[in-house]
Amino acid sequence: MTQVLASIGTDDPESAEKLLPMVYEELRKLAGGLLLAAISPLFLFPSNCRAEAGGHYSIVELSFTRNATHPSINNAGEIVWSLQTSNGIFSSTRGQLAASGVSPHIANSDEVVCADSFETNGLDLVSTTRGRLTFGGLIDLGYSDFGVNSNGEVVYVTLTNGNYQLFSTVRGQISFDPVDNFNPCINDLGEILWTRFGPEPGLYSSTRGLLPGNYPTVYGLNNHGEFCYQNNLVISNFSTGPHLFSSVHGVVINDIYQSQFWGGINDAGVLVWQAQNQTNYVQFIYQGTWVPDPVLSLANAFGLALAWPTNAAAFHAQYSTNLTAPISWQRLGGSLTTNSGNLEQTIPPNLGPSAFFRLSTGSP
């Protein structure tokens, strides 16, 4: 008899392999009682600041965004940015939106708010649909960014009685403590995230209070509570920055030699940021989409078989006859068939007294 356990993951030694528990009754139904299973444990391999196990970011460079800076993205996938080499606000779908302005933010309503100079020496906020929103040169981008939601509420900070306080174009002044606040962002539910210095410093939510963790600079907040932020990446006591992180999936690119600047996030968790092209070292905008690892399951296809989604055709099945370190994974032989949106591969009956399976994109 063969004892079967299934696992998911990749062959990356820094990834976490999650072994799927298969109880006896489920296997008995699939294989007529000929196979025996046990509840599987969770195995974790060493990891240093790696993105959450169970998936990866699929990253593309947006070639039409040359010399672009400060990207923002909405739920329709529209991206806005300004140029490093000149003024002006641009959209990935609508072209140039304004002849001047910097630091654009796009709402799910398609409204874009940026900072621009008027009759004063400072900057004020201006909307592409509503016109000027603040007066008096209130915005200091060297100190803090701002945010806008689909309801047209804009949050920002400005110097008031010696401290930078949090303001809303709808709610007025929000913070009053004698401490500095900066980098507010807001979602469509009205939740505001911002960072403050002074007593009890850290990342604050208007609905959740002080959030545990270290989030130096927050860039964007979606309607599911996920946010993207900038932090340093530390590997073997070597630290570099800035690097982009997701509050749900961790670091976007686990490479201390690749830096990311600014960032934005939408409700699908799609991220955008600014970084150097590694070929000609020109700034472009990059887009990252979280791709979950495929789930490996068991199926009864003329005998017991492994099954995984057809959209994960880059993966292949591997097996090991034991989980004693160092684990030796071998490629599972045999042909693949397609059934109800899944790839299926029959498990040979001669693997030994026990077998463990996983999906991999690497050798063997």
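Structure notes:
- Cβ separations smaller than 7 Å between residues 6+ apart or across chains give the following pairs from the range 264-289 residues that are free of Cβ contacts under 8 Å to residues at least 40 places away in the same chain and more than 17 Å from VAL248 (Cα to Cα) to residues that are assigned to a loop (DSSP other than H, G, I, E, B) and open to solvent by less than 10 Å² (accessible area, probe 1.4 Å): ALA275/GLN260.
- Number of positions in the range 246-269 that are hydrophobic (A, V, I, L, M, F, W, C) and either open to solvent by less than 20 Å² (accessible area, probe 1.4 Å) or on the phi > 0 side of the Ramachandran plot (or both): 4
- Any hit, the range 146-162, residues being surrounded by 13 or more Cβ atoms within 10 Å (Cβ to Cβ), in a strand (DSSP E or B), of a type in the set (S, T, N, Q) and without any contact (Cβ under 8 Å) to a residue 60 or more places away in the chain: yes
- Residues in the range 91-128 that are open to solvent by 40 Å² or more (accessible area, probe 1.4 Å), within 18 Å of ASP145 (Cβ to Cβ) and not in a loop (DSSP other than H, G, I, E, B): 3 in all.
- Strands (runs of 3 or more DSSP E) completely within the range 307-364 that count 3 or more residues being under 24 Å from GLY55 (Cβ atoms) and either without any contact (Cβ under 8 Å) to a residue 12 or more places away in the chain or open to solvent by less than 70 Å² (accessible area, probe 1.4 Å) (or both): 316-320, 342-346, 354-360
- Residue within the range 276-296 that is surrounded by 20 or more Cβ atoms within 10 Å (Cβ to Cβ) and farther than 30 Å from LEU203 by Cβ present: yes
- Lone qualifier among TYR215, TYR219, TYR229 - being among the aromatic types (Phe, Trp, Tyr), crowded, with 19+ Cβ neighbours inside 10 Å and part of a loop (DSSP other than H, G, I, E, B): TYR215
- Subset of the range 233-268 [in contact with a Leu (Cβ under 7 Å, 6 or more places away or on another chain), within 18 Å of HIS105 (Cα to Cα) and hydrophobic (A, V, I, L, M, F, W, C)]: LEU244, ILE265
The values are calculated or read from the model by the stated rules, or taken from the named source; none is laboratory data. Small disclaimer: the values here were computed from a predicted structure and weren't measured. Note that we place each Cβ from the backbone using ideal geometry, even for glycine, and neighbour counts take in every protein chain shown. Quick note on the areas: whole protein, heavy atoms, side chains included, nothing else; ligands and nucleic acids left out. Shrake-Rupley method; radii C 1.70, N 1.55, O 1.52, S 1.80 Å.
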